[in-house]
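Notes for the one structure printed next.
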């Protein structure tokens, strides 16, 4: 592929499909990115209130490989520190190639109110850099909340960049994605978790998704999911051993083919 063309292709894809900076981790990805009412350390990049269930300091790393170009990848780091009913989180994501890359870094403060409600606020720093064209930066906020209606049902709401913040440079004309997600999860049993999400990004169609997490054994979880606009399907699994977790996922996209990712997490 023509290397001079790649930066413009990457910019177009990241604007239209909004996947570039949204690294939700393999667990949530394998469930079809139905993250709005599912708790996980990678909620740092989704519904940020989902970190309010992390029981001990946890560090996770993620790597995603895209088939559109041999160099194209996404690397992410996530960290959560629980402090009684308060939770501090930090995330860092890098997406791109040498000629084009995006960075998103964020800090989160989440709080639990009793056993049912959790809310969180995240501040984000964004950067896009294109070789020979310069770079641009921007800032945004995310807010989220989860409410445990019953022991089986959890409801969630997440807003990304609700204030419609933009990048600072006029030389690279692009915007920070703004979106809203609402949804719920249903714990059918100790082994089965079902999640659904309705999401709307600015100037795009409403997207509906469905995902499932099935704990086959105490150490192994199987996952699957799908979304409608655009239509994608997802699959993956997780291995849990004491304080160590490994998750893997594959996303199928008609434009990008199959995209695998892996993450490792350790609870201290």
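FYI, it's all coordinate maths here, none of it is from the lab. The shown structure was predicted, so the numbers you read here are calculated from the model rather than taken from an experiment. Heads up, the Cβs are rebuilt from the backbone with ideal geometry, glycines too, and the neighbour counts pull from every protein chain shown.
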**Asked** Relative contact order for the chain using alpha-carbon pairs under 8 Å, separation at least 6, rounded to a whole percent?
**Response** 20 percent
**Extension gain from residue 170 to residue 267, taking 0.36 nm per residue of separation minus the Cα-Cα distance** = 30.6 nm
**Item:** Inter-label distance, nm, simple model (7 Å from Cα along the C-beta direction), residue 67/residue 205
**Value:** 2.3 nm
**Prompt:** Working out 0.36 nm times the residue gap between residue 258 and residue 244, then minus their Cα-Cα distance, what length gain in nm do you get to one decimal?
**Reply:** 2.4 nm
**Complete:** Plugging the Cβ-Cβ distance of residue 141 and residue 216 into 1/(1 + (r/R0)^6) at R0 = 22 Å yields, to the nearest 0.05, a FRET efficiency of 0.05
**Simple spin-label estimate for residue 125 and residue 192 in nanometres, 7 Å along Cα-Cβ** = 4.6 nm
**Prompt:** Can you give the calculated 222 nm mean residue ellipticity of the chain, where each DSSP H run of n ≥ 4 adds -39,500 (n - 2.57) and the sum is split over every residue, rounded to the nearest 500 deg cm²/dmol?
**Reply:** -2000 deg cm²/dmol
**Item:** Full-stretch length increase - residue 75, residue 229 - with 0.36 nm per residue and alpha-carbon distance subtracted
**Value:** 52.9 nm
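Relative contact order for segment 40-109 using alpha-carbon pairs under 8 Å, separation at least 6, rounded to a whole percent? Spell out each step's value before the answer.
On the way: 141 pairs, mean separation 18.4, N = 70.
This gives 26 percent for segment 40-109.
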